[in-house]
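The values are calculated or read from the model by the stated rules, or taken from the named source; none is laboratory data. For clarity, every value in this text was computed on a predicted model and none was experimentally measured. Positions of Cβ are generated from backbone atoms using ideal geometry, with glycine treated the same way; all protein chains shown enter the neighbour counts. When the accessible area is computed, the model is the full protein with side chains, heavy atoms only, and any ligands, DNA or RNA have been set aside. Shrake-Rupley method; radii C 1.70, N 1.55, O 1.52, S 1.80 Å.
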Amino acid sequence: MPTMQTFTRHDLASLFRSFAARMFDERARLGMLDGEIGDADHGVAMVGGFEAAAKSLVETDDGSQTLGEGFSLAANALLNAVGATTGPLYASALLRVGALFGDVREVPFERLPEIIIAMCEGIEKRGHGKPGDKTMIDAWSPASHAVRLGLEQGMGTLDILKHAARKADEGATATRAMMAARGRAARLGPRSIGHLDPGAVSAAALIDALATWAEFAASKDIS
């Protein structure tokens with residue numbers, strides 16, 4: 001089976017098309033979950049944000065941009081499309097990845113899991129949240145820890161991403177038993193218990209989309 005050797009600016013556009021498609025597929029479920037504890041707009045917001053980011057990357061995919069510039073472009077497009085809390089959090093996350101990869105047009109494929117760590121760090125720094133608050137961090141944090149552990153143990157890139165996706169899903173599922181400490185749901189107090197956090201669910205879906213995209217990219221050697 002051929003393997004993908006690098007992750008390029010062109011691949012970044014492809015990845016964001018996959019993110020946007022996954023959010024589109026999840027939009028009804030995310031809206032329903034958000035309607036239970038919020039204002040039911042999370043699905044629409046995530047679709048709009050990632051479609052805007054994908055569009056900006058595809059339209060500027062002329063081979064001249066670095067990965068850092070690409071992630072910054074995606075961050076700005078998403079921020080302009082999504083208000084409230086979600087937009088700034090994901091914009092900060094993407095800017096963090098852009099700073100990580102910097103002024104290069106491609107990086108080794110093996111660095112792909114670092115995207116999860118950087119995004120988690122960006123979200124934590126901007127939102128000051130922590131695991132147990134019933135937010136997207138409850139998915140991003142266990143996924144980030146899974147990546148760090150996988151890298152330490154020398155696991156393969158695809159195995160690391162799949163493991164991170166499983167941990168993110170477990171983290172999102174665990175929010176059902178939590179009482180919200182941040183965001184709109186926090187105003188519900190104990191009534192937020194028994195509901196999944198839509199931000200954590202969408203985060204788990206994004207991480208799973210990354211793992212799925214990477215597996216397809218590696219098998220097709222689309223780089």
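Assorted remarks:
- Area of His195 that stays accessible when all protein chains are in place (1.4 Å probe, Å², to 10): 50
- Adding -39500 (n - 2.57) for every DSSP H run of four residues or longer, then dividing by how many residues the chain holds, sets the calculated 222 nm ellipticity at -23000 deg cm²/dmol.
- List Asp25, Asp197, ordered by accessible area with a 1.4 Å probe, largest first: Asp25, Asp197
- The H on the amide N of Phe7, modeled in the peptide plane, is under 5 Å from the matching H of Val107, Phe109, each at least 5 residues off or on a different chain.
- Between Leu149 and Ala21, the FRET efficiency from the beta-carbon distance, with R0 = 30 Å, is close to 0.55.
- By the rule of a C-alpha distance below 25 Å, with chain neighbours fewer than 8 residues away ignored, the lysines paired with Lys55 are Lys220.
- Reported to the nearest whole Å, the Cα centre-to-centre distance from segment 152-189 to segment 1-66 is 19.
- Rel. contact order, % - alpha carbon contacts under 8 angstrom, at least six apart, the chain: 25
- For the chain, accessible area per residue (1.4 Å probe, heavy atoms of protein chains only), Å²: 44
- Integer Hz, Karplus 6.51/-1.76/1.60 couplings in order for segment 9-25, x for Gly and Pro: 4, 5, 5, 4, 5, 4, 4, 6, 5, 5, 4, 4, 5, 5, 5, 4, 5
- Heavy-atom accessible area, probed at 1.4 angstrom with all protein chains present, ranks Met136, Met155, Met32 as Met32, Met155, Met136, highest first.
- Ranked by solvent-accessible area (1.4 Å probe, protein heavy atoms only, all chains present), the residues Ile116, Ile193 order from largest to smallest as Ile193, Ile116.
- Note on percent of Cα pairs over 30 Å apart: of the candidates [x] 18; [y] 59; [z] 29, the value calculated from this structure sits at [x].
- Surface composition of the chain: carbon and sulfur make up 53 percent of the accessible area, probe 1.4 Å.
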